[in-house]
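Below is one structure, written out as structure tokens; the observations come after it.
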Amino acid sequence: MPPRKKKPADQAELFTASTPKEIQAILWKAADKLRGSMDANQYKEFVLGLIFLKYVSDAFEERREQLAKELAEEGIAEDRLDEFLEDQDEYTGHHVFWVPESARWSSISANAKSGNVGEVLDQAMDAIMKANPSLTGVLPKIFNKDNVDKKRLAELVDLITDARFGGNDDKPAQDVLGEVYEYFLGNFARAEGKRGGEFYTPSSVVRLLVEVLEPYEGRVYDPACGSGGMFVQAAKFIEAHRGRGHKADISVYGQELNERTWRLAKMNLAIHGIDGNLAARWGDTFADDKHPDLKADYVMANPPFNIKDWARNESDARWKYGVPPKSNANYAWLQHMISKLGERGTAGVVLANGSMSSQQSGEGEIRQALVDGDMVACMVALPAQLFRTTAIPACLWFLAKDKSPGGVKGQKAAATDRRGEILFIDARDMGEMVDRTERVLTDTDLAKIAGTYHAWRGTTSAKDAGESYADVPGFCASADLKTVQERGYALTPGRYVGAVEAEEEDVEAVGEKIARLTGELYELFDKSDELAKSVREQLEKIDG
């Protein structure tokens, strides 16, 4: 009897994995071996494309099994089953992508070790795009290139085949695959450093925007949508509050400048079962607005901070509150989003801290016009190190078209009249460090910030929870416009919330502060080491 073939270490490890997190970690480690000579962008598309392919195939097989059961219950003769099981409308009519036989994972897996796995995968991607027009130009066809290690690729296909995506924590396999996709996106963002911020916003920041805005229904828009994280979180919010069958309660509209990121977003929405309109192709929001007539109920975005090279047109109708300076697009983003708000629309935007107080190049005048126009509802100062991809401190702007009692979408009971007021929240001391360089906002932090806003606004959720608003020194304050005017229209929360009462600053808070400062110091040490290494290398080249 020939000796039994030993399975690769990753595969053996996979069979013992019992949680989605363990599966994610094993797949990441295995996929990382493929990095080789690929550049970061190509590698990202490569791995996420594989996960997407597994997802569409699993969703297809699930619908096929369900259809077979329905046909059996209807008494359809066995010799006629294929006629119905291969009917494309039976799948697309249930929002499931049609997967041609050659592109089904069972076929891919069977051919993975034939020596032409790259060709098999490229052909599968091509077949799926041809069968599903909404995916045209979206899927990567890069698996058969010379720089791809085909042996390792075949091993990765084996791993994905064997991974038990279903049966964990009562989650369907498709949900677990969605989580795998998100996990990989986050890891790619960390691996790419600063460039990762172009397609990924930290999940706790996205959750905060969504929890504050409460998008139960209506049109949701993100003009710098990256990989689509805002939409995925909005769908999760609805699912958590109204159940799985309510994703269609929101309509999703987005735009993305980068072609590769636009593809990732299209796949991300599809893998989470979200029908979104990200336009037929990528494009610049300032130069080529893909949704010119859109009026959204919720706008949420993390646009690139402080960009200097942007398509500025002084006569653009969007600059209602003043022409943004050529040197910085922060106020162009804010005004673009305001131009997209419906009658009771609200927006949550991540921007650099400088946007709260800058007086440069007319930004102070634009901010004054926004305040006098009563467009600003709430400002939140965020803690440092939430963004691994940038060291620039960030804040949240919440804008509202209507702050009157009837200005909250979907709310029948009157909200609190907040016309002429702005809520300031200082969250700089919140969050906890997950490693030396990255901080996250905890569930408790998110609930406190969002709950404070809801109590201030008098939303249904706050009333149901019996919450009412009161200023808390050192954390939150509601200021009238006269007070903001007296403070030079600076919107930095620290100027309004006052100091923490001495007795409230307990030992734990001091300990957290020390931990944060220690983390920042270690980060500086790391950067210093990298710089010293680079200088040594350059000196050695000169000496050599």
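The values are calculated or read from the model by the stated rules, or taken from the named source; none is laboratory data. Just so we're clear, the structure is a prediction, and the values are computed from it rather than from any experiment. Every residue, glycine among them, receives a Cβ derived from its backbone with ideal geometry; neighbour counts consider all protein chains shown. Remember, those area values only see protein heavy atoms, side chains included, never the ligands or the DNA or RNA. Shrake-Rupley method; radii C 1.70, N 1.55, O 1.52, S 1.80 Å.
What to note about this one:
- The convex hull around the C-alpha trace of region 25-106, projected and averaged over every direction, spans 7.2 square nanometres.
- Cα gyration tensor shape of region 385-444, rounded if a/c is under 1.5, else prolate or oblate by comparing a/b with b/c: prolate
- Given R0 = 22 Å, the distance between the Cβ atoms of residue 293 and residue 404 translates into a calculated FRET efficiency of 0.30.
- Residue 463-residue 320 pseudo-label distance in nm [points 7 Å out on the Cα-to-Cβ vector]: 2.8 nm
- Which listed pairs, of 21/247; 141/236; 44/150; 403/463, have C-alpha distances above 19 Å, in listed order: 21/247; 141/236
- In the chain, the portion of solvent-accessible area held by carbon and sulfur atoms comes to 49 percent [1.4 Å probe, whole percent, DNA, RNA and ligands not counted].
- Average accessible area per residue (Å²) across region 87-159 - probe 1.4 Å, nucleic acids and ligands excluded: 47 Å²
- Residue-averaged 222 nm ellipticity for the chain, from DSSP H runs of 4+ at -39500 (n - 2.57), nearest 500: -14000 deg cm²/dmol
- Segment residue 521-residue 280, length gained on full extension (0.36 nm per residue, minus Cα span): 82.2 nm
- With all protein chains kept in place, the per residue accessible area of region 444-497 amounts to 44 square angstrom at a probe of 1.4 angstrom.
- Separation of the residue 359 and residue 130 label points, Cα + 7 Å toward Cβ, nm: 6.5 nm
- Solvent-accessible surface of region 242-375, taken per residue with a 1.4 Å probe and all protein chains present: 40 Å².
- Using alpha carbons only: equivalent-ellipsoid semi-axes of the chain, gyration tensor based, whole Å: 43, 30, 23
- Neighbour net charge for residue 353 - beta-carbon separation under 14 angstrom, K R +1, D E -1: +1
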